[in-house]
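See structure below.
The values are calculated or read from the model by the stated rules, or taken from the named source; none is laboratory data. Given the structure is predicted, the values throughout are model-derived calculations rather than measurements. As a convention, Cβ positions derive from the backbone with ideal geometry for all residues, glycine included, and neighbour counts pool all protein chains shown.
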Amino acid sequence: MRWLITGGQGLLATDLLHRVALTGEPVLAPGRAELDLRDRRAVRDLLAGYRPRVVINCAAWTAVDDAESREAEALEINGLAVRTLAEHCDRVGARLLQVSTDYVFDGTRREPYPEDHPPAPLNVYGRTKLAGERAALDLGHSVVRTAWLYGAGGPNFVTTMIRLAAERETLDVVDDQRGQPTWSADLADLLVRLAQSDLPPAVYHGTSDGETTWHGFAQEIFTLLGADPDRVRPVPSTAFPRPAPRPANSVLAHTRGPRIRHWREALHAAWPVLTGRRQCSVV
């Protein structure tokens, strides 16, 4: 099977490359400099020439706050480019897995969001990612939503907390947003298993089991550092005003497809990778 991973220099793509390499199958992972998904001709030529069997789209506009004032640019990458990619996947017989986000939901539900719950994004980023979901689904492909992603392949909440723990005596961290911290290596494994399966095109949720708040996540990071978790102080979201509103509850249910282990177990497994003591592998 021949694989194509778009957004090849990002956090998730880094772990995907490692995971696909374990299959021994050919894989191509162009970054934006090699493949700009907004260039329809470039997308057509690459897929027609390389003819992948699986395409995993990790390319995205991920600057949530900037999207509020740059909606057209975010939509071009998160929505319109996905339709182009899906169309050319159809032409070469490739299966597309479109990576999406918990931000397609408004966060007002108390229970976890099942895969078929009607989306209602609060912000521009969520709306543009929803446009990408619909483009993929309209053409018979799959969507995999994830959330609170961290890993060794790029900046993220865990690496930020590790740095700040060394710089500050106390930290204020939001305690009224609930979600599922997800290790990018676990998500990469789920995506590969999904691509190798005979499951039908649909929406799947690629987040860890369990749930916590940003504050609870930060306290667990401090504990792993051997630091006092009480140095992390809980504050409401209003303490950090942002251009884009965030959902209060973005916990995703898992009613179909592969599952990922509990977020705390995953964080403990990821810790040596995140702190540079070993290379990435899914344990």
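Restricting attention to the range 50-66 and to residues that are assigned to a helix (DSSP H, G or I) and under 19 Å from the mean Cα position of the chain (by Cα), the residue that is nearest to ARG145 (Cα to Cα) turns out to be VAL64. Taken together, the residues in the range 99-117 that are over 24 Å from LEU12 (Cα atoms) and in a helix (DSSP H, G or I) amount to 0.
Filtered by the rule that a residue be touching a residue at least 60 places away in the same chain (Cβ under 8 Å) and within 13 Å of ILE56 (Cα to Cα), the range 11-27 gives LEU12, ALA13, THR14, ASP15, LEU16, ARG19, VAL20. Among the residues examined, ILE221 qualifies as in contact (Cβ under 8 Å) with a residue 40 or more places away in the chain, closer than 14 Å to PHE157 by Cα and either within 16 Å of the chain's Cα centre (by Cα) or surrounded by 16 or more Cβ atoms within 10 Å (Cβ to Cβ) (or both). Being charged (D, E, K, R) and at pLDDT 95 or above, is that true of even one residue in the range 188-197? Yes, the range 188-197 has at least one match. Residues in the range 118-141 that are surrounded by fewer than 17 Cβ atoms within 10 Å (Cβ to Cβ), in contact (Cβ under 8 Å) with a residue 60 or more places away in the chain and not in a helix (DSSP H, G or I): GLY140 alone. Checking each residue in the range 165-185 for being surrounded by fewer than 17 Cβ atoms within 10 Å (Cβ to Cβ) and part of a helix (DSSP H, G or I) picks out ALA166, GLU167.
Within the range 1-21, track down each residue that is in a loop (DSSP other than H, G, I, E, B) and either surrounded by fewer than 20 Cβ atoms within 10 Å (Cβ to Cβ) or in contact with a Ser or Thr (Cβ under 6 Å, 6 or more places away or on another chain) (or both). Even if it seems obvious, please write down each step before you answer.
Start the filter on the range 1-21 by keeping residues that are in a loop (DSSP other than H, G, I, E, B), which leaves 1-2, 7-10.
MET1, ARG2, GLN9 - these are the residues of the range 1-21 that are in a loop (DSSP other than H, G, I, E, B) and either surrounded by fewer than 20 Cβ atoms within 10 Å (Cβ to Cβ) or in contact with a Ser or Thr (Cβ under 6 Å, 6 or more places away or on another chain) (or both).
Criterion applied to LEU4, LEU80, LEU75, LEU17 was being closer than 19 Å to ALA185 by Cβ and not acidic (Asp, Glu), and the one residue passing it is LEU17. Residues considered: TYR113, TYR103. Of these, the only one that is crowded, with 24+ Cβ neighbours inside 10 Å and among the aromatic types (Phe, Trp, Tyr) is TYR103. Of all the residues in the range 67-98, those that are in a helix (DSSP H, G or I) and in contact (Cβ under 8 Å) with a residue 40 or more places away in the chain number 20. Pairing residues of the range 186-215 that are closer than 14 Å to VAL143 by Cα and surrounded by fewer than 20 Cβ atoms within 10 Å (Cβ to Cβ) with residues that are at pLDDT 95 or above and acidic (Asp, Glu), at Cβ distances under 8 Å and at least 6 apart in sequence or on separate chains, gives ALA202/GLU115. Tell me yes or no: at least one residue of the range 22-37 is surrounded by fewer than 16 Cβ atoms within 10 Å (Cβ to Cβ) and at positive phi. Yes, that holds for at least one residue. Looking at ARG242, is it in a loop (DSSP other than H, G, I, E, B) and either surrounded by 21 or more Cβ atoms within 10 Å (Cβ to Cβ) or not acidic (Asp, Glu) (or both)? Spelling it out, ARG242 is indeed in a loop (DSSP other than H, G, I, E, B) and either surrounded by 21 or more Cβ atoms within 10 Å (Cβ to Cβ) or not acidic (Asp, Glu) (or both). If I filter the range 251-260 for residues that are touching a strand residue (DSSP E or B) at 6+ places or on another chain (Cβ under 9 Å), among the charged types (D, E, K, R), in contact (Cβ under 8 Å) with a residue 24 or more places away in the chain and crowded, with 16+ Cβ neighbours inside 10 Å, do I get at least one hit? Checking the range 251-260: not a single residue is touching a strand residue (DSSP E or B) at 6+ places or on another chain (Cβ under 9 Å), among the charged types (D, E, K, R), in contact (Cβ under 8 Å) with a residue 24 or more places away in the chain and crowded, with 16+ Cβ neighbours inside 10 Å.
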